[in-house]
Amino acid sequence: MIKNNNTSLMASVISGHIIRSIEDDRGLKVKNILNSVKENLKVDVSYKKVWYARRKAIELVFGSWEANFVELPQYLDALVQSNPGTVVEWSHYSDSSDRVKTFKYVFWAFGRAIKAFHMCRPVICVDGTHLRGEYKGKLLVAVTQDANNQILPIAYAIVDEETIFS
């Protein structure tokens, strides 16, 4: 067993070693990866190096945050095209040159949910949860109850912060 963080074992090598595991379980814990590297590669590495390797493997499988943000307009267009009546609104901050865009919010309501809302009780509840990861934000959902006392999600939003301003 090689002790004390072998510097020749790069995070990119570790990410290649764990990429299949990340495809199966995006929530794979760093502690589990540490144990796997120690057991399979017979090397003792630092938590930080494994954390970077996990992040790199997630980027290889799912793409980077920046690449996903660039693809957001195409995804939203596809969402509207495949779900008739769907309403989508999104906004971003941009600098004076309009080259750098920073996410502000995205809102969507599926056409079927909009139609069903007319038959529901006139009470809307909004709840949210904090998103974790490199870029923080909040996921908000508006729900109501139908005539059968079933919960119907009617609208969703991902925002950079919860405010009353748009």
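The values are calculated or read from the model by the stated rules, or taken from the named source; none is laboratory data. Just so it is clear, the structure is predicted and the values come from calculations on it, not from any experiment. Glycine gets a Cβ as well: all are built from the backbone with ideal geometry, and neighbour counts include every protein chain shown.
The table that follows gives values for the structure above.
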quantity: Hey, ARG132 basic (Lys, Arg), under 23 Å from ILE18 (Cα atoms) and touching a helix residue (DSSP H, G or I) at 6+ places or on another chain (Cβ under 9 Å) or not; calculated: no
quantity: Residue that is surrounded by the fewest Cβ atoms within 10 Å (Cβ to Cβ), among those in the range 63-90 that are more than 18 Å from GLY111 (Cα to Cα) and not hydrophobic (A, V, I, L, M, F, W, C); calculated: GLN74
quantity: Matching helices (runs of 4 or more DSSP H) fully within the range 33-136 where at least 2 residues are over 22 Å from the mean Cα position of the chain (by Cα) and within 22 Å of TYR156 (Cα to Cα); calculated: 111-117
quantity: Members of the range 69-94 that are within 20 Å of GLU161 (Cβ to Cβ) and modelled with pLDDT under 90; calculated: PHE69, LEU72, TRP90, SER91, HIS92, TYR93, SER94
